[in-house]
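A quick write-up on the structure given underneath.
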Amino acid sequence: MAPAEAHELIQLELVWSPQAGDVRHLCLSARAGDTIEAVLRACPAFADQLPRLAELKIGVWGRLRPLETPLRERDRIEVYRPLTVDPKEARRQRYKDRGQRIISRHRPLGGKTGP
């Protein structure tokens, strides 16, 4: 990296959810070539999540990346927290509570509806 590029600032997005129902979005600037870990450690709004940094999964634009990944202009850093409930179990519970079949809007029933 050339010395002039080392001081160039890039614009980034940071998105994370510290708990269910709470999604946070932050626009920030960093030096060109900074890693994901350096940006997260320098962000005061993310400081409460730093002790758990090793157990969180981190991605850039929806793809998992290691903390050592250098960032580029307009990258979107996404921090994924662990699931608290197995998705299949959550669906079973919803079915039990509603008492009716859960129909997905993304898959046609394929002629299974009838009189």
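Selection of region 14-26 for residues being under 13 Å from the mean Cα position of the chain (by Cα) and either exposed (fewer than 15 other Cβ atoms within 10 Å of the Cβ) or at pLDDT below 90 (or both) yields Val15, Trp16, Ser17, Pro18, Gln19, Ala20, Asp22, Val23, Arg24, His25, Leu26.
Applying the set (1) without any contact (Cβ under 8 Å) to a residue 40 or more places away in the chain; (2) assigned to a strand (DSSP E or B); (3) within 16 Å of the chain's Cα centre (by Cα) to Ser29 leaves exactly one unmet item: (3). Can you find, within region 76-85, the residue that is nearest to Asp34 (Cα to Cα) among those that are out of contact with any Ser or Thr (no Cβ under 9 Å at 6 or more places or on another chain) and not basic (Lys, Arg)? Only one residue tops the list, namely Ile77. Once region 42-73 is narrowed to residues that are among the small types (Gly, Ala, Ser) and under 15 Å from Glu13 (Cα atoms), the residue that is surrounded by the most Cβ atoms within 10 Å (Cβ to Cβ) is Gly59.
Taking the stated definitions as given, is Val39 in a helix (DSSP H, G or I), in contact with a strand residue (DSSP E or B) (Cβ under 7 Å, 6 or more places away or on another chain) and surrounded by 12 or more Cβ atoms within 10 Å (Cβ to Cβ)? Yes.
Given (1) touching a strand residue (DSSP E or B) at 6+ places or on another chain (Cβ under 7 Å); (2) at pLDDT below 90; (3) assigned to a helix (DSSP H, G or I), identify the lone condition not met by Pro51. Among (1) touching a strand residue (DSSP E or B) at 6+ places or on another chain (Cβ under 7 Å); (2) at pLDDT below 90; (3) assigned to a helix (DSSP H, G or I), Pro51 violates only (1). Whenever a residue of region 66-92 is without any contact (Cβ under 8 Å) to a residue 24 or more places away in the chain, its partners that are part of a loop (DSSP other than H, G, I, E, B) and exposed (fewer than 12 other Cβ atoms within 10 Å of the Cβ), lying with C-beta atoms within less than 8 angstrom and at least six residues away or across chains, give the pairs Arg91/Ile102. Number of residues in region 74-115 that are modelled with pLDDT of 85 or more and either surrounded by 11 or more Cβ atoms within 10 Å (Cβ to Cβ) or assigned to a strand (DSSP E or B) (or both) equals 6.
The values are calculated or read from the model by the stated rules, or taken from the named source; none is laboratory data. All figures in this text were calculated on a predicted structure; none of them were measured in a lab. Ideal geometry is used to build each Cβ from the backbone, glycine not excepted, and the neighbour counts take in all protein chains shown.
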